[in-house]
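> Take this structure, written in structure tokens, and hold onto it; I'll ask about it next.
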Number of protein chains: 4
Amino acid sequence: MAYQVAVCGPADCTEAERAAARRIGELLALAGATVICGGGGGVMSAVAAGARAHGGLVVGVRPDGTRATASPDLSVTLVTNMGQARNAIIVWSADAVIAVGGSWGTLSEVALARRRGGVPVICLNGWKIVDQAGTPLPGIDYVDTPEEAVRLALAGRGAP
Amino acid sequence: MAYQVAVCGPADCTEAERAAARRIGELLALAGATVICGGGGGVMSAVAAGARAHGGLVVGVRPDGTRATASPDLSVTLVTNMGQARNAIIVWSADAVIAVGGSWGTLSEVALARRRGGVPVICLNGWKIVDQAGTPLPGIDYVDTPEEAVRLALAGRGAP
Amino acid sequence: MAYQVAVCGPADCTEAERAAARRIGELLALAGATVICGGGGGVMSAVAAGARAHGGLVVGVRPDGTRATASPDLSVTLVTNMGQARNAIIVWSADAVIAVGGSWGTLSEVALARRRGGVPVICLNGWKIVDQAGTPLPGIDYVDTPEEAVRLALAGRGAP
Amino acid sequence: MAYQVAVCGPADCTEAERAAARRIGELLALAGATVICGGGGGVMSAVAAGARAHGGLVVGVRPDGTRATASPDLSVTLVTNMGQARNAIIVWSADAVIAVGGSWGTLSEVALARRRGGVPVICLNGWKIVDQAGTPLPGIDYVDTPEEAVRLALAGRGAP
């Protein structure tokens, strides 16, 4: 069974986030992992472009009811027509979840991934969640580089 | 049109959170607002019990495929069979969103509510979301009492 | 636990279907059953109006992302934002399903109700499903009057 | 953008339906079309096997919350965890819909595809939908062979 990694992040992102997402897509494709993303702009289109540049398989799970707005670099486009509830499908389909950058939609994906449990959840340059005392909640790996994000995402995969 | 307030929170909660949720249910029912919740235990059953004790209308939006596990205090039980993706339905249906306590599911509801925008989002005793610099993200009212939570939730309602 | 009956049917319906739906709403309200419907026009608004005229509880499960287009006779409006996939929620939430009139959306509800199984499925003036040999598929009660539809829908309810 | 064809049908099917589904998968793969299916047994696994035998891309959109039960011939597995409501995602994602054999789940897919409109809907050996007078409803192509089903499904695709 193919190893599927979700890469989440805002459509409205910084250049550094876009570059990191593209690099993550490249590394996942080179490792033979399938990329699952939201199929839109920003982080989503950058990871798709990076993966496609290296022959990777990229699935876009769209929130709206048409394929017209999807990134051109998707191998497969799923039309859910269920808005941000599609975020749950992205994280349930993944063997690991990487978030790049911060947004409310991205945060919902991180939360749903942790709610599901059992898969690595990795954040690069994203928002942090802290409890009442200001302590970060456990179960999220905060990393600084695309390479570290991908290494942790693939750690759960057995030897090929 | 009835004013609908979502009250979110963990099934596994503290006694203080349970008491706060019950009080919020009472206050919403007394104000004539409909309560929308997840229909399960903990905060969900406490807000339902509080609202029902004062004749309020309480809707439970269940994640699983049966009504057997629903709280006994619901006026209406919706069976979504879509797991935590049902959190999106709860927040989209609401004129205001109150979260009591912290959990990953609750956080996903706060995130989806802020992603939607346009409605008050109020947190009582919950987790906090901060950016890279440690600054809390805007758009969430952190409150200390059920009374303040309900006051903010009803602020957007026109005069009855 | 309240007895919940789904009443399905097209927004674009005949006058006879509208009258039948209204009568079904009246009878369900008089019997103390909660009505679950799509919350839109045609059959949906007629059943809602009938039930509300007799003090019944009516839940509308909307396909779109706003409450602005909902029928004015709903007690509760759920905003699913998931288009016709919301039909599954309507039938999963019901102790019995009544379809009035024919449309592709209504047919999907009948099919999903039969796929679920275990609840009465009753069609008044609707389309029929036949196998290759022209034989109607089992498990659907085709009836001629609102009274018969409601009687069959309530048959599974224990004595009050 | 890849041309995506949904192939629907029961997990519990006849040998003839299984053979037809496999042939449809082969023909779609040879034509370069992506197959979208439910990812389970019967018609679903047969179309997946046929497509994979010819190097085709096959997407399975699963109703449950795990990948453990998915067909081994899928290129991509989406975990929706939303039961038969996932049928809507299958038909919304497709440029054409082919149904092989009859079941209530399959009928819901045909109904949702016609409700959506704008794409060919083709039935091979399936149930028929008739109005009160016994006349088949328009908009469905009933065919006798896999070849005819695929020809109609691809008719809307422009020259490659």
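> In the Gaussian network model of chain B, springs joining C-alpha atoms below 10 Å, which of B:ALA53, B:ALA96, B:ALA68 carries the largest mean-square fluctuation?
B:ALA68
> Let me ask something else about it. Of the DSSP beta bridges with both residues in the protein assembly as shown, give the percent that are antiparallel, rounding to the nearest 5.
Counting only bridges with both partners in the protein assembly as shown, antiparallel ones make up about 10 percent.
> Which of B:ILE89, B:ILE24, B:ILE122 ends up with the largest GNM mean-square fluctuation for chain B, with Cα atoms connected below 10 Å?
The residue that fluctuates most here is B:ILE89.
> At 7 angstrom along the Cα-to-beta-carbon line, where would the label on C:THR145 sit relative to the other copies? Give the distances in nm, shortest first.
5.3, 6.0, 8.0
> List the distances, in nm to one decimal, from the label point of A:THR69 to the label points of the same position in every other copy, shortest first, placing each label point 7 Å from Cα along the Cα-to-Cβ direction.
1.5, 3.3, 3.3
> Can I ask one more? Keeping the other protein chains in place, figure out the carbon and sulfur percent of the accessible area of segment B:4-154, with a 1.4 Å probe.
Looking at segment B:4-154 in its full context, I get 49 percent from C and S.
> Let me ask something else. Between chains A and C there is a rotation axis; tell me the chain A residue with the nearest beta carbon and how many whole Å away it sits.
A:MET82, 2
> Taking a ≥ b ≥ c as the square roots of the eigenvalues of the Cα gyration tensor of the protein assembly as shown, is the shape rounded (a/c under 1.5), prolate (a/b larger than b/c) or oblate?
Oblate.
> What figure, in Å² to the nearest 10, do you get for the accessible area of A:ARG23 with a 1.4 Å probe and non-protein molecules left out?
90
> Just to confirm the numbers: B:GLY156, label point 7 angstrom along the Cα-Cβ line, distances to the other copies in nm, shortest first?
Those label-point separations list as 3.5, 3.7, 3.7 nm.
> Relative contact order for chain B: what percent, with Cα pairs under 8 Å and sequence separation of 6 or more?
22
> Continuing with this model, one more query. In segment A:20-158, what is the volume of the convex hull around the alpha carbon atoms, normalised per residue and reported in Å³?
97
> Starting from the Cα of D:GLU147, step 7 Å toward the Cβ, then list every residue of segment D:1-17 with an amide N under 20 Å from that point.
Inside the label zone: D:16-17.
> Still on this structure: Can you give the local net charge around D:LEU78? Use residues other than it whose beta-carbon is closer than 14 angstrom to its beta-carbon, Lys and Arg +1, Asp and Glu -1.
+3
> Run lengths n ≥ 4 of DSSP H only: what is the helix-derived mean residue ellipticity at 222 nm for the protein assembly as shown, with -39500 (n - 2.57) per run over all residues, to the nearest 500?
Calculated mean residue ellipticity at 222 nm is -10500 deg cm²/dmol.
> Moving on. Considering only D:GLY25, D:GLY38, D:GLY139, give the residue with the highest GNM mean-square fluctuation for chain D, with springs between Cα atoms whenever their separation is below 10 Å.
Among D:GLY25, D:GLY38, D:GLY139, the largest GNM mean-square fluctuation belongs to D:GLY139.
> Can I ask one more? Straight-line reach from D:LYS128: which lysines have a Cα under 20 Å away, not including same-chain ones fewer than 8 places off?
Answer for D:LYS128, where 20 Å is the Cα cut-off: C:LYS128, listed by chain and number.
> Still on this structure, please answer the following. List the residues of segment C:78-92 whose accessible area drops by at least 20 Å² when all protein chains are present, compared with their chain alone, using a 1.4 Å probe and counting only protein heavy atoms.
Relative to the lone chain, where solvent access is computed with a 1.4 Å probe, segment C:78-92 loses at least 20 Å² at C:LEU78, C:VAL79, C:THR80, C:ASN81, C:MET82, C:GLN84, C:ALA85, C:ILE89, C:TRP92.
> Please compute the per residue accessible area over the protein assembly as shown with all protein chains in place, 1.4 Å probe, rounded to a whole number of Å².
34
> May I ask for the distance between the Cα centers of segment D:62-91 and segment B:9-80, given as a whole number of Å?
Result: 31 Å between the Cα centres.
The values are calculated or read from the model by the stated rules, or taken from the named source; none is laboratory data. The structure displayed is predicted, hence computed values, not measured ones. Cβ sites come from the backbone with ideal geometry, for glycine too, and all protein chains shown count toward neighbours. Remember, those area values only see protein heavy atoms, side chains included, never the ligands or the DNA or RNA. Shrake-Rupley method; radii C 1.70, N 1.55, O 1.52, S 1.80 Å.
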